[in-house]
1. Residues being over 24 Å from the mean Cα position of the chain (by Cα) and among the small types (Gly, Ala, Ser): count how many of those fall in region 181-232.
2. Take the residues in region 194-217 that are open to solvent by 70 Å² or more (accessible area, probe 1.4 Å) and modelled with pLDDT under 85, then tell me which one is nearest to residue 259 (Cα to Cα).
3. Could you grab the pairs with beta carbons closer than 7 Å, sequence gap of 6+ or different chains, first residue in region 197-212 and touching a residue at least 40 places away in the same chain (Cβ under 8 Å) and assigned to a helix (DSSP H, G or I), second one among the charged types (D, E, K, R) and surrounded by fewer than 20 Cβ atoms within 10 Å (Cβ to Cβ)?
4. From 245, 235, grab the single residue that is closer than 30 Å to residue 108 by Cβ and not in a loop (DSSP other than H, G, I, E, B).
5. Step by step: first the residues of region 282-299, then only those that are without any contact (Cβ under 8 Å) to a residue 60 or more places away in the chain and closer than 23 Å to residue 253 by Cα, then the one that is least open to solvent (accessible area, probe 1.4 Å). Which residue is that?
6. Among 246, 160, which is closer than 25 Å to residue 282 by Cα and open to solvent by 10 Å² or more (accessible area, probe 1.4 Å)?
7. Since residue 266 meets every condition but one in (1) in contact (Cβ under 8 Å) with a residue 60 or more places away in the chain; (2) part of a loop (DSSP other than H, G, I, E, B), which condition does it not meet?
8. Given 132, 113, which one is crowded, with 24+ Cβ neighbours inside 10 Å and modelled with pLDDT under 90?
Amino acid sequence: MSRANLIFAALLIIAIPLSLLAGRVWVDPGVTPNAAAILAELRLPRAVLAVVIGAGLGAAGAAMQGYLRNPLADPGLFGIAPGAALGAVTALYIGVASAILLPLFALVGAGGAMALLALIAGRTSSPASGIALFTLAGMMIASLAGALTSLAISLAPNAFAMSSIVTWLMGALTDRSWTDVMLAAPLTLAGLALLWLAGRDLDAMTLGEDAARSLGVRPSRLMALLVLGTGLTVGSGVAVAGIIGFVGLIVPHLVRPLTDKRPSSVIVPSALAGALLVLVADVVCRILPLVTELRLGIALSLIGAPFFLMLLLRMRRGLT
């Protein structure tokens, strides 16, 4: 196991038990009434879900940055997260947002975005043109899904539906259960496996198109692995927790200096670091002394937006 993997795995092992005790009400297993039930039914599924979602977003961000060779790439920019959000918003709009149907609608939305992305960008033989088409197609899908989501909000049948849509889009792990874990975990693990399989081809792509082809890289196979892997990890996360942004942007930048900077060596530690980031951010949201709990998506955006600005300023200095 690499040094980066050891570091983030150790931090994660320390953070998980601490996250079970922290909250608006701190749990002392020897003193707090019904401590076992609180830990098993409330705190533990929330912690597991934070780890699952964070791992998926971190790995997807690392894979996307490796494929596009762009340090500013984020999986949320390529239409899958907005597509999943549109599916969930549709369920809220038509009033069928049960604990099962809302995630299923979100997964259908993510699947539709994946299919459209593959249909538009998956039929090119040139890796360079494939990357350009992938980026443009993702931006188009994200814009369309965002516009349709805004339309659903503006045409919401009542104030309750509008409030539910806006609140859900903020992203949170509040009141999540083992049902959500059982839905998101298998899909995320499948997505992580696909992204890991893409690692060797991503490494080869850094050598150039001709060299990659000589090593047996098939651009269509690589794109399929990335679309499916990102769709499963990001789509399942949005399905159970709403929009949680910037994890896939921040984490690879924190991890990359601890690795040899090959795309394949960044994916696994980014998954571990993403899990740690989302878990810690969720704990902070719980313990802040506010009237209502800060939404996780808002908290990570407050961290991610300045980080993104810092990256832009650093790149600008590098170009001058």
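1. The total comes to 6.
2. Step by step, filter region 194-217, then rank; the result is 206.
3. From residues that are touching a residue at least 40 places away in the same chain (Cβ under 8 Å) and assigned to a helix (DSSP H, G or I), the pairs are 203/262.
4. 235
5. If we take residues in region 282-299 being without any contact (Cβ under 8 Å) to a residue 60 or more places away in the chain and closer than 23 Å to residue 253 by Cα, then 299 is least open to solvent (accessible area, probe 1.4 Å).
6. None of the other options fit; the residue is 246.
7. So residue 266 meets the others, but not (2).
8. Step by step, each of 132, 113 is checked, and only 113 is crowded, with 24+ Cβ neighbours inside 10 Å and modelled with pLDDT under 90.
The values are calculated or read from the model by the stated rules, or taken from the named source; none is laboratory data. None of these values were measured; they are calculated from a predicted model. Cβ coordinates were reconstructed from backbone atoms using ideal geometry, including for glycine residues, and neighbour counts include every protein chain displayed. Just so you know, the surface numbers come from the protein's heavy atoms only, side chains and all, with ligands and any DNA or RNA stripped out. Shrake-Rupley method; radii C 1.70, N 1.55, O 1.52, S 1.80 Å.
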